[in-house]
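Everything on this sheet refers to the single structure shown next.
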Amino acid sequence: MNAPDLRARREFLKTTGILTGLLAALIGQFGTEDFLRVLALGVYLHGRAAELLSEPTDASGILASEVAQAIPFARRKLAEELRARG
C-alpha cells in the first residue's frame, strides 16, 4: 500500500471515530428512548459538518479533525434552520 492510501485509510478511521464519539455524546445528552432519532441526528450533524467544510473547496482535502471542529457550527446551523421554520 502506498503512502496516499495509508493517509486516506487513517483519515477514514479518524472520521469513523469522530462519528462514534458524536453518537456517544448525543446518547449521553438525549438518552436512548428515541435511539433512531438520536442516531439520525448524529449522522446528519457529521455529514452536514463535512458538507459545510466542502462548500468553498474540494471535499477530498478535508481532514477528520476539521470535521470534528465543524460539528458545533453544523449544530448551530440546524438550530437556526429549525427556528426559521417556526
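A short reminder: the numbers here are calculations on the coordinates, not readings from a lab. Every value quoted in this text rests on a predicted model; they were computed, and no experiment measured them. All Cβ positions, glycine included, derive from the backbone under ideal geometry; neighbour counts span all protein chains shown.
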>> What distance in nm separates the two pseudo spin-label positions at Ala84 and Asp34, each 7 Å out from Cα along the beta-carbon direction?
In response: 2.3 nm
> For the chain, what is the relative contact order in percent, using Cα pairs closer than 8 Å and at least 6 residues apart in sequence?
Replying inline: 28 percent
> Once every DSSP H run of n ≥ 4 in the chain is given -39500 (n - 2.57) and the sum is divided by its residues, what mean residue ellipticity at 222 nm do you get, rounded to the nearest 500 deg cm²/dmol?
Replying inline: -28500 deg cm²/dmol
> Give or take rounding to whole Å, what are the principal axis extents of the alpha carbon atoms in the stretch 1-45, in descending order?
Replying inline: 45, 15, 13
> Considering the Cα trace of the chain, what is its radius of gyration and what is Dmax, both in angstroms?
Replying inline: 14.5, 52
>> Just to confirm the number: angle between the C-alpha axis of helix 35-54 and the first principal axis of the chain, 0 to 90 degrees, nearest 10?
In response: 50 degrees
>> Using only the alpha-carbon atoms, how far is helix 3-30 inclined from the longest principal axis of the chain? Give it as 0 to 90 degrees, nearest 10.
In response: 10 degrees
>> Can you report the principal axis dimensions of the stretch 37-86 using only the alpha carbons, biggest first, rounded to whole angstrom?
In response: 36, 23, 13
